[in-house]
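Structure incoming, see below.
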Amino acid sequence: MAHESFADQAVADLLNQNFISIKVDREERPDIDHIYMMACQALTGSGGWPLTVIMDADKKPFYVATYLPRSSRGSLWGLLELLPRVVELWNKERESLRQAGEEISRHIIKRDAKQAGQPISEELLNRAFKQYARAFDAEWGGFGSAPKFPIPHNLLFLLRYYHFRHEEQALEMVEKTLQSMYRGGIYDHIGFGFARYSTDRQWLVPHFEKMLYDNALLAMAYLECYQLTTKEFYAGVARDIFSYILRDMSSPEGGFYSAEDADSEGEEGRYYLWDKDEITEILGEQIQSLARTYDISQKGNFQGRNIPNLTRTPNFEEPRQEFAAARQKLFNYREKRIKPLKDDKVLIGWNGLMIAALAMGARVLGDESYLQAARRAADFVKENLRRPDGRLLARYREGESEYLAYAADYAYFIWGLIELYEAGFDSHYLALALELSEDLNKYFGDQKEGGFFFYGLDAEQLLARPKEGYDGAMPSYNAVAALNFMRLARLSSDLSWQEKAQQAMDYFAAEIQEYPTAHSFWLLAAIFQIYPGSEVVVAAESENQATSEMLKLLNSRYDPHRLIILNESKTSEILGSRAPYLQHMPGIEGKLTAYICENFTCREPLVGMDELLESGYI
């Protein structure tokens, strides 16, 4: 629409004569986008972008649509015909348009009313699993049919369901999906990283846009599957994702860029597509073996050209190493092409997700470089996206920070800080996670009914102040906040965090019960509550070699609900009164000591590595 309509003089004249035109970046102002998308869904039964809204001066919409061409085409209104008609109606039947706006607005405001629901239980987890099993594509992995989105939080739930409920099919669905996505064209086999979604069932033809948040969440899914299965393939894919992010999506200051566009030179996917002759010229005789493996042909597999993929290669794990040198040659050649536009906004929430992923990568893979990258990003956020009064801001670009951060920004960044603490045990990050959680509750919390509003009480007040519980491409911020609070309750031994999490869960219980698979991150929170796991307090100094060995041992197996706290000499000084229980868990006789706690009750302390091994805990 930007090129076809808004840059057209005739359309521009109609708009400028009769309307106040506002173009919204939905990533910078998701609050505006969210509210008017609800209006679109209410009026049309569906939604999507671009989103076109005509409203009155009180922000109440009376006409909503998605794509509108310059001129009418088939059943689609064109702007050249629609805009004069709206002006005519505004002049002759203004009251009826205002009334329509009132009704739509009431619907949006009413939509967030709390509904009574049953407490979340194991029965819901079982029902959700059965729904996933019914929707699972056994041939190609994933859920449903085309278009297919990765939705890694579905996989994170299924991994936990397998771990705690011992349901083999849950793990089979995860592995099939992770393998199939990697084999398809949705994965960039030349430069790494995943595209936003697949337009087909086989994961072959992607929408070529790459998003920071998708790659963060997918990295977590591959890491957890590696930790659970110990199959090196999954670790390799996670490493490749991080290679892409650290190479192409990292700012010099330490933050992470938001996305890479699908288009280059005015054509979607052009940067990623190959002619066989082109590859032959680069690789010479090696082309025959690579062509068979990566589905490269003269006729092509997409619009006469080729998307490298492994969908027809049974031994899909082997080419990663076998063709590493050839892939590098193709990558070096591709680097000379005109690249897709990079969206170089640094969004705090999306950075929080990548901080969480990198920190998890450091912990699971033992790679210090990932921990350093996560710390740099977190420190960048602290320095550039936090006002002197502590309030977070949503976006940084070219030295400018702007827009009050949203609840999702707080939730995702706090998640990143918790993972960062669990990976490196720097208590400053845990203290900041607790401080920002207090701010999240202060600015966004519904103190009466529970849950968190989309935008803060100190922000611009829009037509409505919604609270959302369902997952989209990113997990529900309410669910992430609730799970954060559950973890912080155990890390700090402050049960008020657990109470706030429970209030949020109670608020959305009816919605979750009605459609559990649209609320997979709430299922993660529920399974965390039902199977709470344990805390291990390690009383020792971080620079001690024995400490490193014990922490490495504790992180060696998949146990998603275990939390580890390092109680060293400076911990109490940093956390102060936020975790007072640690003062009563010292090292015994100056030796490394482990306290294992479950349900806020601790066993006898274990002194030294030998006692930990003999205890049977690991």
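The values are calculated or read from the model by the stated rules, or taken from the named source; none is laboratory data. Predicted model only: the values in this text are computed from it and were never measured. Quick reminder, even Gly has a Cβ in these numbers, built from the backbone with ideal geometry, and neighbours come from all protein chains shown.
Within the stretch 235-246, identify whether any single residue is in a strand (DSSP E or B) and out of contact with any Lys or Arg (no Cβ under 6 Å at 6 or more places or on another chain), and answer yes or no. Please lay out each step first, then the result.
As a first pass, look at the stretch 235-246 and keep what is in a strand (DSSP E or B): none.
No, because not a single residue in the stretch 235-246 is in a strand (DSSP E or B) and out of contact with any Lys or Arg (no Cβ under 6 Å at 6 or more places or on another chain).
Given the residues L290, L217, which is the only one that is of a type in the set (A, V, I, L, M) and in contact with a Lys or Arg (Cβ under 9 Å, 6 or more places away or on another chain)? Walk me through it before giving the result.
On the way: L217 fails: in contact with a Lys or Arg (Cβ under 9 Å, 6 or more places away or on another chain).
Every option except L290 fails the conditions.
Quick one: in the stretch 281-312, of everything that is β-branched (V, I, T) and over 30 Å from the mean Cα position of the chain (by Cα), which residue is nearest to E139 (Cα to Cα)? Before you say what the answer is, go through the steps one by one.
Initial filter on the stretch 281-312 (β-branched (V, I, T)): 282, 287, 293, 296, 307, 311.
Still in the running and over 30 Å from the mean Cα position of the chain (by Cα): 282, 287, 293, 296.
Values: I282: 34, I287: 29, T293: 20, I296: 22 Å.
Checked the stretch 281-312; the qualifying residue nearest to E139 (Cα to Cα) is T293.
Looking at A525, A539, A501, which is the one that is in contact with a Phe, Trp or Tyr (Cβ under 8 Å, 6 or more places away or on another chain) and at pLDDT 95 or above? Step through it out loud before you land on a result.
Details: A525 fails: in contact with a Phe, Trp or Tyr (Cβ under 8 Å, 6 or more places away or on another chain); A539 fails: at pLDDT 95 or above.
Every option except A501 fails the conditions.
Continuing with this model, one more query. Taking the stated definitions as given, is A405 in contact (Cβ under 8 Å) with a residue 24 or more places away in the chain and in contact with a strand residue (DSSP E or B) (Cβ under 6 Å, 6 or more places away or on another chain)?
yes
Another question, then. Report whether or not F233 is touching a residue at least 12 places away in the same chain (Cβ under 8 Å), under 20 Å from E318 (Cα atoms) and not assigned by TED's automatic domain parsing to the domain that holds L330.
Values: touching a residue at least 12 places away in the same chain (Cβ under 8 Å): yes; under 20 Å from E318 (Cα atoms): yes; not assigned by TED's automatic domain parsing to the domain that holds L330: yes.
Spelling it out, F233 is indeed touching a residue at least 12 places away in the same chain (Cβ under 8 Å), under 20 Å from E318 (Cα atoms) and not assigned by TED's automatic domain parsing to the domain that holds L330.
Here is a further query. Restricting attention to the stretch 395-411, and to residues there that are among the hydroxyl-bearing types (S, T, Y) and under 15 Å from P30 (Cα atoms), which single residue is nearest to the chain's Cα centre (by Cα)?
Of everything passing the filter in the stretch 395-411, Y410 is nearest to the chain's Cα centre (by Cα).
Okay, next question. Exactly one of these conditions fails for E438: (1) under 18 Å from the mean Cα position of the chain (by Cα); (2) modelled with pLDDT of 95 or more; (3) not aromatic (F, W, Y). Give me its number.
Just one mismatch for E438, condition (1).
Select from the stretch 122-164 the residues that are touching a residue at least 40 places away in the same chain (Cβ under 8 Å) and within 16 Å of T229 (Cα to Cα) and list them in ascending order.
The answer is L155, L156, F157, L159, R160, Y161, Y162, H163, F164.
Follow-up question, since we're still on this one. Condition first: assigned to a helix (DSSP H, G or I) and either touching a residue at least 40 places away in the same chain (Cβ under 8 Å) or in contact with a strand residue (DSSP E or B) (Cβ under 7 Å, 6 or more places away or on another chain) (or both). Now tell me which residues in the stretch 253-277 satisfy that.
Going residue by residue through the stretch 253-277, those that are assigned to a helix (DSSP H, G or I) are 270-272, 276-277.
Once the filter is applied, which keeps residues that are assigned to a helix (DSSP H, G or I) and either touching a residue at least 40 places away in the same chain (Cβ under 8 Å) or in contact with a strand residue (DSSP E or B) (Cβ under 7 Å, 6 or more places away or on another chain) (or both), the stretch 253-277 yields R270, Y271, Y272, K276.
Taking the stretch 429-453 only, how many residues are assigned to a helix (DSSP H, G or I) and either charged (D, E, K, R) or free of Cβ contacts under 8 Å to residues at least 12 places away in the same chain (or both)? Walk me through how you get there before you give the answer.
First, the residues of the stretch 429-453 that are assigned to a helix (DSSP H, G or I): 429-444.
Going one step further and asking which of them are either charged (D, E, K, R) or free of Cβ contacts under 8 Å to residues at least 12 places away in the same chain (or both), we end up with 435, 438-439, 442.
Looking only at that region, the number is 4.
While we're here: Given the criteria part of a helix (DSSP H, G or I), hydrophobic (A, V, I, L, M, F, W, C) and under 27 Å from the mean Cα position of the chain (by Cα), does A362 qualify? Steps first, please.
Numbers: part of a helix (DSSP H, G or I): yes; hydrophobic (A, V, I, L, M, F, W, C): yes; under 27 Å from the mean Cα position of the chain (by Cα): yes.
So A362 fits the description; yes.
Which residues, counting only those in the stretch 206-232, are buried (at least 19 other Cβ atoms within 10 Å of the Cβ) and more than 21 Å from L341 (Cβ to Cβ)?
L217, L218, A219, M220, A221, Y222, L223, E224, C225, Y226, Q227, L228 - these are the residues of the stretch 206-232 that are buried (at least 19 other Cβ atoms within 10 Å of the Cβ) and more than 21 Å from L341 (Cβ to Cβ).
Can I ask one more? For residues in the stretch 397-418 being in a loop (DSSP other than H, G, I, E, B) and modelled with pLDDT of 95 or more, which is surrounded by the most Cβ atoms within 10 Å (Cβ to Cβ)?
Just the residues of the stretch 397-418 that are in a loop (DSSP other than H, G, I, E, B), to begin with: 398-399, 405-406.
Going one step further and asking which of them are modelled with pLDDT of 95 or more, we end up with 405-406.
Values: A405: 29, Y406: 26.
Across the stretch 397-418, the extreme among qualifying residues is A405.
Being of a type outside the set (D, E), assigned to a loop (DSSP other than H, G, I, E, B) and closer than 20 Å to A526 by Cβ is true for just one of G469, G456. Which residue is that?
On the way: G456 fails: closer than 20 Å to A526 by Cβ.
One residue alone meets the criteria, G469.
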